[in-house]
Amino acid sequence: MRIIRVDNYEEMSKKAASMVASQMILKHDSVLGLATGDTPIGMYKELIKIYNDKEIDFSDVKTFNLDEYYGLSDDNHESYHYYMMNNLFKYVNMKSENINILSGVTDNIEEECSNYDEKIKRSGGIDIQILGIGVNGHIGFNEPSVNFEAGTHLVELDKKTIESNSRFFKSMDEVPKSALSMGIKTIMQSKVIVLLANGEAKAEAIYKTVKGKICPEVPASILQLHNNVNIIVDEAAAKLL
Ligand code: PGA
């Protein structure tokens, strides 16, 4: 694991955007694995700037998002479809047919999940996967569990995740209790992984991810077994390292 310490959120966002941009310059038809949440918003803003400076081009790029809330339609303002559209896609020249996000309203979950893994494989695999991390150590929506979930699957969200995500909803009752998420195996097959973490709330999860035992109770700890993981952390998130 490569730990890249930065002073603050802005620096973290710039470094992450540079890594994604470099990948896109090296390979015009890169396959990007994208994350949602508060953490990568700054990175998307930086990528839009780099795009506006004409240094990168999204026309041949394919994207696969990590997860989507189960039960939320694409136009729901809290869906990750909506997030991606409004934080990145509408500002760059992505082709809509190259955007892949799991459907939160599928009536065939199994098929939706297996098709997603199949499509990632057919695209040649994810060149660079961006990850945030939950306060409980989740990546994507792979929650602490007794097993590492392999492929893309339906997840019951952890109490801590529901609490943490309730900040985006009007009330706790409105927070979806389940989601579709890329599995650990899918994530681990990415060629390069960039995990971003900022703020003290993430310090314990980062400590366990980097220094702890590899176990499904801390899903991100599995990343210790990947040969190209870059963890960009600000001072607060790196506090316990
Ligand atoms: P956050 O979420 O970026 O909103 O903190 C990260 C995550 O839960 O993976």
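The numbers here are math on the coordinates, done by the rules we state, and not lab data. Because the structure is a prediction, the values reported are computed rather than measured. Cβ: placed from backbone, ideal geometry, glycine included. Neighbour counts: every protein chain shown.
Here are a few things to note about the model shown:
- The calculated FRET efficiency for GLU78 paired with SER114, based on their beta-carbon distance and R0 = 35 Å, is about 0.85.
- Fluctuation leader among ASN100, ASN136, ASN115 - the chain, Gaussian network, Cα springs under 10 angstrom: ASN115
- In a reduced charge model with +1 at each Lys and Arg Cβ and -1 at each Asp and Glu Cβ, the chain shows a dipole moment near 840 debye about its Cα centre.
- Counting only DSSP beta bridges whose two residues both lie in the chain, roughly 25 percent are antiparallel.
- With 23 Å as the limit, the listed pairs LYS62/LYS159; LYS27/LYS208; LYS15/LYS45; LYS49/LYS191; LYS62/LYS191; LYS27/LYS95 have LYS62/LYS159; LYS27/LYS208; LYS49/LYS191 beyond it between alpha carbons.
- Estimated distance in nm for a label pair at SER145 and GLU97, the labels positioned 7 Å out from Cα along Cα-to-Cβ: 3.4
- Projected over every direction and averaged, the convex hull enclosing the alpha-carbon atoms of the chain yields 11.8 nm².
- Among the helices of the chain, those built from whole DSSP H runs whose Cα atoms reach 18 Å or more along their own axis and whose mean Kyte-Doolittle hydropathy is at least -0.5 are 9-26.
- For the range 61-158, chymotrypsin sites (Phe, Trp or Tyr not before Pro) are listed when DSSP marks them as loop and at most 14 other Cβ atoms sit within 10 Å of their Cβ; the list is empty.
- Restriction of the trypsin sites (Lys or Arg not before Pro) in the range 139-241 to DSSP coil positions whose beta-carbon has at most 11 other beta-carbons within 10 angstrom yields LYS170, LYS213.
- Cα gyration tensor category, rounded, prolate or oblate, for the range 143-205 with a/c compared to 1.5: oblate
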